[in-house]
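Trainee: Below you'll find the structure I mean.
The values are calculated or read from the model by the stated rules, or taken from the named source; none is laboratory data. What you see is a predicted model, and the numbers here were worked out from it, not measured in a lab. All Cβ positions, glycine included, derive from the backbone under ideal geometry; neighbour counts span all protein chains shown.
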Amino acid sequence: MPELPEVETRVREMRPLCVGRTIVGVRLQWARHVEPLLPSEFEQQILGQEILAVERRAKYLVFRLSRQDLLIHLRMSGDLSVVASGTPYEKHDHTTLGFDNHTELRFNDARKFGRATLVASAEQFTAHLGPEPLDPAFTAVVLYQRLQNSNRALKPLLLDQTFLAGVGNIYCDEALFASGLHPLRLASSLSEQEVALLWQNIRQVLWDGIARNGASIDWVYRGGSQQHHFAVYGRTHQPCLTCGTPIQRLVVGQRGTHICPQCQPSG
DNA sequence: AGAAATACCCGTACGC
DNA sequence: TGCGTACGGGTATTTC
């Protein structure tokens, strides 16, 4: 369940392993990974291009290539790694890019939700997305104005990538809890004070996630400890860390939602 | 037009 | 044990 912090973690991990590499080989095991291009088109276009930079926009990893941009979205279960050429393939290694130094970038994606999109311009491709929550330009005032313009419930709005880019279900629940806001509150009903708190907490939970290298959650089924450091997400029926009230799970906009009914009054 | 619901996937957890 | 089923999650697409 990579959200902004998990994607940012991968960006930082991939950057030193990918920048400066030239793509000399392609292996596609799942054609739809590269839609809307056909595998043959994808391969023909990407071969020979050098990776100039690795960046992030929303939940996309952006690989700046010689002539194009490659955007990788991990969706639910995707993960990236760079391994030595010849390393045996893992079960769900669907897309592999071979580099000029005997290493390979492997896109493992158990649920096949991810995408590797080759485009002329990442900016154009992501133009419809909302502001970056960690960008200095994203101020509390900007958030307040955007919330004022909406009649929707708070949570579905925060998850709408055209409203705000990079926040997913987990960090959304965490930010709302930290702000004492009920997920069904009407966006435009928030006071300036409430928005200021929400703005601060959105950024805080994201920064915290990045600081922990996105390792707070067992996202992509990496074996071992399933420990996480969240206050409400995944803590249904467990006591609220603030007041002890059992955490409730409800469904908001089709999404599992975790709240403390005491700390996040619906009224 | 805008908002809500559905489709896309499959590993996992659960019930019988 | 093994089979069947519900569930989750981000976003493009479809429906309301």
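Trainee: Could you please give the count of residues in the stretch A:64-105 that are closer than 17 Å to A:GLU35 by Cα, of a type outside the set (S, T, N, Q) and either away from DNA strand B (no atom under 16 Å from the Cβ) or out of contact with any Asp or Glu (no Cβ under 9 Å at 6 or more places or on another chain) (or both)?
Mentor: The qualifying residues number 6.
Trainee: Here is a follow-up. Being within 16 Å of DNA strand C (Cβ to nearest atom) and either buried (at least 20 other Cβ atoms within 10 Å of the Cβ) or among the charged types (D, E, K, R) (or both) is the filter here; which residues of the stretch A:169-199 pass it?
Mentor: A:ILE170, A:TYR171, A:CYS172, A:ASP173, A:GLU174, A:ALA175, A:LEU176, A:PHE177, A:PRO183
Trainee: Sticking with this structure for a sec: Would you confirm whether or not the stretch A:52-62 contains a residue that is at pLDDT 95 or above and farther than 22 Å from A:GLN124 by Cα?
Mentor: no
Trainee: Any residue at all in the stretch A:91-99 that's within 10 Å of DNA strand C (Cβ to nearest atom) and at negative phi?
Mentor: no
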